[in-house]
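Enquirer: Have a look at this one.
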Amino acid sequence: MVPKIFLLVVGFDDTDYIRSSCKTTLYPDTCYHSLNHYATAVQQDPGRLARVAVGVSLAKAKRMSAFVSNLSREADYGAQPRAVAALHDCFSVFGDAVDQIRDSLSQMRNLGGSGESLRFQMSNVQTWMSAALSNEDTCTDGFEDVSDDEPLKSDVCDRAGKVKELTSNALALVNSFANKMNV
């Protein structure tokens, strides 16, 4: 008879690893559904998982930035001036968020060295991802004074909320990876 512990280890596959890792995030369902397609590439490597999560966040932030850019070009200037102003601010801060996430991904792909050098690199990633999340929050904060019946508000804030979930999850997985590296 095979010991039960062996059966548990054998039964723990790559998607289980992602599900387990996602439980440490604020949005575990979003995390799992956005990353489970990458289970084969990630295997059970926390560094790969963090890189993939940052990459997924970047792709979604880019789409959001393009969406807001298109909306701001088409904005009805007869609409609520606050909504239009919030939209333009949102476009600006999402552009910054995209740059910060892109920098994070680049740094994650080029991690090297050890000790202080590695700590510095991981600190950069954590700082940039945190700044990106703050910028995404700033986008939705700009709509606080806009009437709830303004369709632009709900559309932008709902989409931005989904991006914020992915960025938050990516930051949590980056932090988890940094902790495992003892950085």
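Enquirer: Explain nothing, just the number: relative contact order of the chain, from Cα pairs under 8 Å at least 6 residues apart, as a whole percent.
Expert: 29 percent
Enquirer: Cα convex hull of the chain: how many Å³ per residue?
Expert: 123 Å³
Enquirer: With an 8 Å Cα cut-off and a minimum separation of 6 or more residues, compute the relative contact order for the range 55-124 in percent.
Expert: 34 percent
Enquirer: With a 1.4 Å probe and every protein chain kept in, tell me what percent of the accessible surface of the chain is carbon plus sulfur.
Expert: Carbon-and-sulfur percentage of accessible area, whole number: 51.
Enquirer: Could I have the simple spin-label model distance between Ser134 and Glu116, label points 7 Å from Cα toward Cβ, reported in nm to one decimal?
Expert: Between Ser134 and Glu116, the label points sit 2.5 nm apart.
Enquirer: Same structure, new question: Can you give me the distance in nm between label points at Thr30 and Arg63, each placed 7 Å from the Cα along the Cα-to-Cβ direction?
Expert: 1.3 nm
Enquirer: So how much slack lies between Asp45 and Asn182, counting 0.36 nm per residue of separation and subtracting their Cα-Cα distance, in nm?
Expert: Additional length available on full extension: 47.8 nm.
Enquirer: Of Arg51, Arg119, which has the most accessible area and how do the rest follow, probe 1.4 Å?
Expert: My answer, sorted largest first, is Arg119, Arg51.
Enquirer: Which value, in Å² and to the nearest 10, is the accessible area of Arg19 when all protein chains are kept and the probe is 1.4 Å?
Expert: Only protein atoms counted, so the area is about 110 Å².
Enquirer: Of Lys60/Lys180; Lys60/Lys164; Lys23/Lys162, which ones are farther than 20 Å apart at the Cα?
Expert: Lys60/Lys180
Enquirer: Regarding the range 108-177, what is the average projected area of its C-alpha convex hull, in nm²?
Expert: So the Cα hull casts an average projection of 5.2 nm².
Enquirer: For the range 32-81, take N as its residue count and report Rg(C-alpha) divided by 2.2 N^0.38 Å.
Expert: Against the empirical 2.2 N^0.38 Å value, I get 1.74 for the range 32-81.
Enquirer: Now for a different question. Considering the options Val93, Ser106, Ser72, tell which one lies farthest towards the positive end of the dipole of the chain, charges being +1 on Lys and Arg and -1 on Asp and Glu at the Cβ, about the Cα centre.
Expert: Of the candidates, Ser106 comes out farthest on the positive side.
Enquirer: Something else now. Which value, in Å² rounded to 10, gives the accessible area of Asp13 with a 1.4 Å probe and all protein chains present?
Expert: Estimated to the nearest 10 Å², Asp13 gives 70 Å².
The values are calculated or read from the model by the stated rules, or taken from the named source; none is laboratory data. These numbers were taken from a predicted model, which means no experiment stands behind them. As a convention, Cβ positions derive from the backbone with ideal geometry for all residues, glycine included, and neighbour counts pool all protein chains shown. We work out accessible area using only protein heavy atoms, side chains counted, and drop any ligands, DNA or RNA first. Shrake-Rupley method; radii C 1.70, N 1.55, O 1.52, S 1.80 Å.
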